[in-house]
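Have a look at the structure below before the remarks.
Coordinate-derived values only; no laboratory data. Keep in mind the model is a prediction, meaning the values are calculated, not measured. Note that each Cβ is placed from the backbone with ideal geometry, even for glycine, and that neighbours are counted across all protein chains shown.
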Amino acid sequence: MINFQYLRTSSKKSALALLLKDKNAKFIAGGTNLIDLMKRGVSAPEKLIDINHVPLKQIELVGDKIIIGALASNTAVAENELIKEKLPLLAMALNAGASAQLRNVATVGGNMMQRTRCGYFYDTEMPCNKRKPGSGCGAIGGFNRMHAIFATSDNCIAVHPSDMCVALAALDAVVVLAGPKAERKILFKDFHRLAGDTPQLDNNLKADEMIIRLEIPLNNLTVNAHYLKVRDRASYAFALVSVAAGLEISNHKITDVRLAMGGVAHKPWRLTASENFLRGKEATIENFEQAAKLAMTGAKGFGENDFKLQMAPNTIIEALTIAKSKA
Amino acid sequence: MQSSDKESNQGDTRRDFLKKSSLITAVALTPSVALKAAENQVDERFAELFEKIPLNLTVNNKAYKTSIEPRVTLLDYLREELHLTGTKKGCDHGQCGACTVHVDGERVNSCLSLAVMNEGKKITTIEGLANGEELHPMQAAFIKHDGFQCGYCTPGQIMSAVACVKEGHTNSRAEISEYMSGNICRCGAYPNIVDAIVEVSKGGNKA
């Protein structure tokens, strides 16, 4: 690992001031992705600002929103009684990700900031437009079994690997960002980016900003919710396809529905057209099948990942079926 | 070779730098001063002189005070500086769990934690589990149930298993497997590892 300067601060204000001073500085929280990238030579910040002591670990109900501090650990959120009761989809998604050891240190903000990536991004001997813009994409025409099927670009077909973020996209979370002058809010579904012509950018966080908290509106998706993750082994593996499904059913009709997918795009993939189709309809297998079919509009395989074109709709139907069956 | 030449040529200067830098680092760690330093750009002047920064932590109930390069992981610090080689380096990328230790009572991968991020924390390694010659119940259970073959993953498995019991994720064999999935065993001793954990979780002697 290339050495770097290390600073530690316990105030948000000083963290932002330190960041502003140095373009080559990065925040470090849990470090489970950043240290890994630094060991591989993929990332080489000149300065690390340790923000673990900044007081942003709150998990609380304020009015009709649940507030989660950016530095709350994945375990702290997943094991929190309020989260388990009010946002079970989030707890399920968190527990489907990484391992117990990683979840103990990985933070909510860090989970959002983990790189959208694939094996070519990690291998510094290979071309990768995300790591080195203009060098090409190794995955297109290469090993692309894990890769995206939606909204891909000629520059990059990597997927965002987070499970937590899929649930947050489904739950209409809002991200609160602090800059040197003011705070701003951005919808979670707009936080991450598609690859487009700027595959080096994973999200819309500005260079002088930090994530400070999430605000998640309360909902009635507390019973009929399920996070279904399909992967190569039963635990501790990235998703091939995952689906966050939440239903509110009243008098046999779907009154609210949320659907988002992971493992299929450069960002957490919200299935708005499928939701619109299901809202107001009965929760039947036929309607689930139709919603899954709608979700696949525009999907495209790259050879090794063609199986996802069938696995994705199957996973949507299964996730909705399991969600409906809960009582 | 090059770096040791540099060291001898610039030894005095480096020592001088270290004195200054440790002073400034200590100061920079105080939040209000850090802010002031940032505003006045004081830290910038000295930051480029940093090589090692002070670190205080407790390992297996023994306090350590040292200064260390920021890039040293907790794993390398434990093994190379403290010679506590029970904690193993497997993949060194957080994928295998061989490096699992407890930080303030919680299991973490020591390969993905910088030593300097553990300032003031209490670390427990496999060497700190036994009470003198008396094995921790989980160590005894691993022996009884043959929870290993080659033994390389075992320290990490045991540290993770002790945490798994403490967390209460032992309600079924499936739950144990799920919450032990961050520890890989190439020999495939998984069923016996789960047997050991089931026994300790039911045994009452959880230490």
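A few notes on this one:
- Exposed loop sites were defined as trypsin sites (Lys or Arg not before Pro) in DSSP loop states (anything but H, G, I, E or B) carrying at most 12 other C-beta atoms within 10 Å; in chain A the longest segment without such a site runs A:24-180.
- Peptide B:90-97 is shielded by partner chain Cβ atoms: per residue, an average of 4 of them sit within 10 Å of its Cβ.
- Subset of A:57/A:132; B:65/B:144; A:132/B:88; A:65/A:326; A:65/A:132; A:84/A:281 violating a 32 Å alpha-carbon distance limit: A:57/A:132; B:65/B:144; A:132/B:88; A:65/A:132
- Near-label residues of the stretch B:103-127 by backbone N, under 12 Å of a point 7 Å along Cα→Cβ of residue B:80: B:115
- Amide N proximity, the stretch A:68-98 versus residue A:183 label position 7 Å along Cα-to-Cβ, cut-off under 13 Å: A:68-70
- The length gained on full extension between residue A:279 and residue A:220, counted as 0.36 nm times the residue separation minus their Cα-Cα distance, comes to 19.8 nm.
- With Cα atoms as the point set, the radius of gyration and Dmax of the stretch A:1-145 evaluate to 17.5, 51 Å.
- The amide H of residue A:43, built 1.01 Å from its N in the peptide plane, has A:38 as neighbours under 5 Å, considering only residues 5 or more places off or on other chains.
- Whether the stretch B:48-88 is rounded, prolate or oblate, judged on the alpha carbon gyration tensor where a/c under 1.5 counts as rounded: oblate
- Label point of residue A:326 set 7 angstrom out along Cα-Cβ; within the stretch A:231-258, amide nitrogens under 14 Å from it belong to A:243-249, A:257-258.
- The fraction of Cα-Cα pairs per 10 angstrom bin, counted from 0 for the stretch B:138-203, comes to 25, 63, 12 percent, rounded to whole percents.
- Fraction of C-alpha pairs exceeding 19 angstrom in the stretch A:78-125: 39 percent, rounded to a whole number.
- Prolate/oblate/rounded label for the stretch B:113-156 (Cα gyration tensor, a/c 1.5): oblate
- From phi via Karplus (6.51, -1.76, 1.60), per-residue ³J(HN,Hα) for the stretch B:81-90 in Hz, x at Gly/Pro: 8, 8, 6, 8, 8, x, 6, 9, 9, x
- In order along the stretch A:167-183, phi translates into HN-Hα couplings of 5, 5, 5, 5, 8, 6, 5, 10, 9, 9, 10, 10, x, x, 10, 8, 9 Hz, rounded to whole numbers, per the Karplus curve 6.51 cos²θ - 1.76 cosθ + 1.60 with θ = phi - 60° and x for Gly and Pro.
- Cα→Cβ-extended label distance, 7 Å offset, between residue A:204 and residue A:60, nm: 2.8 nm
- Annotation: amide H of residue A:249 within the under-5 Å range of A:255, sequence separation 5 or more or interchain, hydrogens built in the peptide plane.
- Over the stretch B:55-206, the pair-distance histogram of Cα-Cα distances with 5 Å bins from zero comes to 2, 10, 20, 23, 20, 13, 8, 3, 1 percent, rounded to whole numbers.
- The spread of Cα positions in the stretch A:108-151, taken along each principal axis and listed from longest to shortest, comes to 34, 23, 17 Å.
- In units of the compact-protein estimate 2.2 N^0.38 Å, the stretch A:224-325 shows a Cα radius of gyration of 1.04.
- Using the Cα coordinates of the stretch A:23-81, the gyration tensor eigenvalues translate into equivalent-ellipsoid semi-axes of 29, 13, 8 Å, sorted from longest to shortest.
- Cα-based Rg and Dmax for chain A, where Dmax is the largest Cα-Cα distance (Å): 19.5, 62
- For residue A:152, distant residues with modelled amide H under 5 Å away: none
- All C-alpha to C-alpha distances of the stretch B:52-128, sorted into 5 Å bins beginning at zero, yield P(r) values of 3, 18, 31, 29, 14, 4 percent in whole numbers.
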